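Colleague: Please find one structure pasted underneath; my questions will follow.
No lab work stands behind these numbers, since they all come straight from the coordinates. None of these values were measured; they are calculated from a predicted model. A quick note on method: Cβ atoms are made from the backbone with ideal geometry, for glycine too, and the neighbour counts reach across all protein chains shown.
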Amino acid sequence: MKIAVYGTLRKGKPLHGYLGDSRFLGEDWIEGYDLYVDALPYTVRGEGKLKVEVYEVDDETFEAIDRMEVNAGYRPVEVDTKFGRAVLWEWAYEPSGEKIESGDFDEVDFKEW
């Protein structure tokens, strides 16, 4: 199974350890999503683009990440990437907080929060 991550699960970010031995397929940009930060990063459907890292994960890893994301208020959706269809977790509520115009979480200083 493939997943597309855009925030704290990306390389060098605090939750990247959840990906364990998952296979990194590469980076891509997803059209039609806006990135926001309000304590944590989240994305909602919009007019922008979103930088993601795509991974191939086993069932156990997917279930652990899905449980964490759903419990935090995200919902899984399928998106098209240059590596094929992947699951991305979008925010299930109305956006608030700071919109990151670039769509790239690497441009946010995570230590500020």
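Colleague: Please check: in the Gaussian network model of the chain (C-alpha springs, under 10 Å), which one of THR61, THR43, THR81 has the largest mean-square fluctuation.
Modeller: Of the options given, THR61 has the highest mean-square fluctuation.
Colleague: Net charge near TYR42, counting Lys/Arg +1 and Asp/Glu -1 over other residues with Cβ under 13 Å of its Cβ?
Modeller: Residues near TYR42 contribute -3 overall.
Colleague: Counting only helical runs of four or more DSSP H residues, what would the 222 nm mean residue ellipticity of the chain come to if each run contributes -39,500 (n - 2.57) and the total is spread over all its residues?
Modeller: Calculated at 222 nm, the ellipticity per residue is -3500 deg cm²/dmol.
Colleague: With charges set only on the Cβ (+1 for Lys and Arg, -1 for Asp and Glu), what does the dipole of region 7-113 come to about its Cα centre, in debye to the nearest 20? Working shown, then result.
Modeller: Values: 13 positive and 26 negative charges, 14 e Å.
My answer is approximately 60 debye.
Colleague: To continue, here is another question. Could you tell me the distance between the Cα centroids of region 52-113 and region 11-37, to the nearest Å?
Modeller: 7 Å
Colleague: Additional query: Where does each of VAL79, VAL108 land when they are ranked from fewest to most other beta-carbon atoms within 10 angstrom?
Modeller: Ordered by Cβ neighbours within 10 Å, fewest first: VAL108, VAL79.
Colleague: In a GNM of the chain with a 10 Å cut-off on Cα contacts, which of VAL77, VAL54, VAL87 has the highest mean-square fluctuation?
Modeller: VAL77
Colleague: Work out the P(r) tail for region 2-103: percent of alpha carbon pairs separated by more than 24 Å, whole number.
Modeller: Counting pairs separated by more than 24 Å, the tail of P(r) holds 13 percent.
Colleague: Follow-up question, since we're still on this one. Could you work out the local net charge near PRO95, counting Lys and Arg as +1, Asp and Glu as -1, over the other residues with Cβ closer than 15 Å to its Cβ?
Modeller: Details: positive: ARG45, ARG75, LYS99; negative: ASP34, ASP38, GLU47, GLU90, GLU94, GLU98, GLU101.
After counting each charged neighbour, the total is -4.
Colleague: Take every Cα pair under 8 Å in the chain that's 6+ residues apart, average their separations, divide by the length, and report that relative contact order as a whole percent.
Modeller: With pairs under 8 Å counted, the relative contact order is 33 percent.
Colleague: Most fluctuating residue of TYR42, TYR93, TYR33 in a GNM of the chain with Cα springs under 10 Å: which is it?
Modeller: TYR93
Colleague: Taking N as the number of residues in region 67-113, what is its Cα Rg relative to 2.2 N^0.38 Å?
Modeller: On the way: Rg = 13.0 Å, N = 47, 2.2 N^0.38 = 9.5 Å.
With N residues counted in region 67-113, Rg over 2.2 N^0.38 Å equals 1.36.
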